[in-house]
Amino acid sequence: MSTRITIQPVTRIEGHAKVTLHVDEDGAINGAQFHVIEFRGFEKIALGRPFTEMPGLMARICGICPISHIIASSKAGDMLLGVRTPRAAVLQRRLLTDAQILQSHALSFFHLSSPDLLLGFDAPPSKRNLFGVAETDVEFARAGIRLRQLGQRIIEGVTGKRVHPNWGIPGGVLGAVPGELRDEVLARLPESYAAMDDALGRAKRWADQYAPEIEGMGNFPSLHAGLVGADGAPDYYDGKLRLVDGDGNVVAPGLDPRRYFEYLEERAEPWSYMKFPFYKPLGYPNGMYRVGPLSRLNVATCMGTERADREFVELRQRGGGAVNASFHYHLARLVEMVGALERMERLFADPELLSADVRSRAMLNEEEGIGSCEAPRGVLFHHYKVDGNGLVTSANLLIATAQNNLAINRTVEQAARRFVKPDALQEGMLNRVEAAIRCYDPCLSCSTHALGQMPLVLELVGPDGTVRDRLQRE
Amino acid sequence: MRVRTLEIDGQMMTGAPGESIFNVAWNNGIHIPRMCHLGGLTDVGACRLCLVEVEGQSRLLPSCMTPVREGMVVRTNTPALQKHRKLIVELLLAERNHVCAVCVANGACELQDLATSLGVDHVRVRYRHPQCEVDLSHPRFGLDHNRCILCSRCVRVCDEVEGAHNWDIGHRGTNARVISDFGTAWGDSESCTSCGKCVQVCPTGALFSKGASVGEMRKDRSFLKYIVTAREKHQWIR
Ligand code: SF4
Ligand code: FES
């Protein structure tokens, strides 16, 4: 008899999802789907609202990366105003981009993924959380909490709020950076670099130790996409979109993100609320591309800062042309955290960061605005059209996790084939499927513009469509 | 002129003939909640938040519209009144789309402040979620009907202080809307002088300066006192 395995809810990710594994007559896995089963629709909520409200409204899409939505939205607003954003505002936006990379990656690595890595994929589920990590290695857990807190502190110090600040606006930002924040952050950097050295040491050992997981959790060639600056380093705030293929060959050296609709397209599938974007020239589904930490490092030629550059070179040696094993998203996240710390150190050294000249004012001058930036999980686009008075008539959001949708589905299938034995289901097998999804640190709140912590359900389904087994975790 | 002596919340007070209970109470430090009342404009009794109990009266009376009488005994803050006020605020919140988190007036909104001070932590009636428009046709200001509570302060300030009478309230019941120049787009109004007084007196984020982002709108009502003092006392003082 054939079977379908469903994992629902998938745990330790942001949002609600379900995994269905299809089993053939012989009891082997012959297909898998990652469904996103919640829906919120910010693109609709935006309609008829003034564009000046968009940064504040879009910040509400996500409690983990509101800053990225604020920035992409503010940049779309800059374009609608047709102004040059003051340099101090750009520096602030860059600073908070880095602070958010730091806090979001710390959450993903230390809080959500390190339980599997430190305690093993077969450890009892009750232990596989940050408390379990703290019981085993309290210093490591504490370092993760401190790093995340530093990122949050910077966001709070600049905006006055930790989660949904009213800070970004079309034309700039709302206020100046307080001088005390600089001293406070600089004083915490040595401790933060040391914590990163320790985490990187462990992550590299894990990357050597978990060979079957590296092989079986999303290891396949695909396109990678990310924003890069003129120097070849990732430019999280204002780069051009570069795509490389699985061998690391440059497919497109520097596309204008404001013209994303010319080369990216989205496909909807009836079984998921999350759309499936692809690179148009290669068609659907061959145009599948990955985004996020690993992809950014695959398209870049350097990191542009000393410590991160050393780690970058090492990481890239783990692949031929490009590093295609999604397991290495973890390592890439750590490299990016180091880069974020170094860039923030540089930004704080720039006296203009504290300048109060942070806003350009203008009336509405354009009818279409597009803003992009690198969110922690990958490149993000906000695209608005407005009427002559500035009311939004159409909004399109292209979100990082959605762009990884095809790759996540492919990863789930690979991990299921590799680790799940349908006739002898064990918790650890399903955890590997979940862990494969967590490599992407998917944020389903963002990608369906929906809300909530992510529990996952797994169902095992036979060719006749009957559900043979079901695993659900809250 | 003989003053009137009365008791409000157990304290003896005096007021001028014709003066409202509301004014006398406020002048003596008893701050009755209110929404449609604004010092310097005539009162209309639209919101009913200032309701008080008057001994010997079976009905509750709007204190902003009720003149003081000799020997009156007034209570402004009984548990029953608190209950009524809370419900009124909940009804106001349910009637339109008041989404504080993404509102331009977040943090500086009289409705929000009142809800907080009355302890409104949830709304017990069903939200109506009406389809309301935003009028951004004026070059400097915007009107978001989603946030309007129909207090008519804008109507009165425009008529009584600016003398332009751009605003009115049109339509009936739940379809009532603030209208500009008999229902044209604000930007096309011939009577609007673009003075911005309506924006400043509006208690919520319904009227705002264009370009304001979430939580950025701050209102300054000091002009009203200045103008009223100038008009009544011929003193031009801040
Ligand atoms: S627009 Fe403002 S001032 Fe005018 S009635 Fe509505 S809430 Fe009152
Ligand atoms: S303040 Fe008296 S009815 Fe509104």
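Taken together, the values in this text are just the output of simple stated rules run on the coordinates, not laboratory data. Bear in mind that the values here come from a model prediction, so they are computed numbers and not experimental data. Here the Cβ positions follow ideal geometry from the backbone for every residue, glycine too, while neighbour counts run over all protein chains shown.
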* **222 nm mean residue ellipticity, helices alone, for chain B (DSSP H n ≥ 4; -39,500 (n - 2.57); rounded to 500)** => -6000 deg cm²/dmol
* **chain B, relative contact order [Cα under 8 Å, separation at least 6], %** => 18
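Express the C-alpha Rg of the stretch A:186-227 as a ratio against the empirical globular expectation 2.2 N^0.38 Å, rounded to two decimals. Write out the running numbers ahead of the final one.
Details: Rg = 15.5 Å, N = 42, 2.2 N^0.38 = 9.1 Å.
Its radius of gyration relative to the 2.2 N^0.38 Å reference: 1.70.
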* Asked: In a shell of Cβ-Cβ distance under 13 Å around A:Glu135, excluding A:Glu135 itself, what net charge do Lys and Arg (+1) and Asp and Glu (-1) give?
  -> +1
* To do: Take each uninterrupted DSSP H stretch in chain B, measure its Cα extent along the helix axis, and return the ones at 20 Å or beyond whose mean Kyte-Doolittle hydropathy is at least -0.5.
  => B:79-95
* Asked: Considering the alpha-carbon set of the stretch B:4-77 alone, what are its Rg and its Dmax in angstrom?
  -> 11.0, 31
* Structure fact -> Beyond 21 Å, the calculated P(r) of the stretch A:277-435 holds a percent of Cα-Cα pairs equal to 64
* **Stokes-Einstein diffusion coefficient of the stretch B:1-141, Kirkwood radius over Cα pairs, 37 °C, 0.692 mPa s, in µm²/s** => 195
* Asked: Reachable lysines from A:Lys75, Cα under 22 Å, same-chain residues fewer than 8 places away excluded?
  -> A:Lys44, A:Lys161, A:Lys240, A:Lys385, B:Lys210
* Structure fact -> Quick calc of log₁₀ I(q)/I(0), the stretch A:184-285, Debye, one scatterer on every Cα, no solvent, q values 0.11, 0.12, 0.22 1/Å, result -0.60, -0.69, -1.12
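Would you compute, from DSSP H runs of 4+ residues alone, the mean residue ellipticity of chain A at 222 nm, taking -39500 (n - 2.57) per run and dividing by the full residue count, rounded to the nearest 500?
So the helix-based figure for chain A works out to -12500 deg cm²/dmol.
Cβ under 10 Å from B:Asp181's Cβ, B:Asp181 left aside: what net charge do those residues give with Lys, Arg +1 and Asp, Glu -1?
Net of charged neighbours comes to -3.
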* Structure fact -> In Å³ per residue, the alpha-carbon convex hull of the protein assembly as shown encloses 192
* chain A, relative contact order [Cα under 8 Å, separation at least 6], % -> 33
* For every other residue with a beta carbon closer than 11 angstrom to the beta carbon of A:Gly292, add +1 if it is Lys or Arg and -1 if Asp or Glu, then tell me the sum. => +1
* 0 to 90° range, to nearest 10: angle between helix A:329-349 axis and chain A longest Cα axis -> 10
* To do: Calculate how steeply helix A:179-209 sits against the longest principal axis of the alpha-carbon atoms of chain A, using the helix alpha-carbon long axis, and give the answer as 0 to 90 degrees to the nearest 10.
  => 20
* Quote the Stokes-Einstein diffusion coefficient, in whole µm² s⁻¹, for chain B, based on the Kirkwood radius over alpha carbon pairs, a temperature of 20 °C and a viscosity of 1.002 mPa s. => 112
* Asked: Could you give the distance between the Cα centres of the stretch A:194-241 and the stretch B:1-28, to the whole Å?
  -> 74
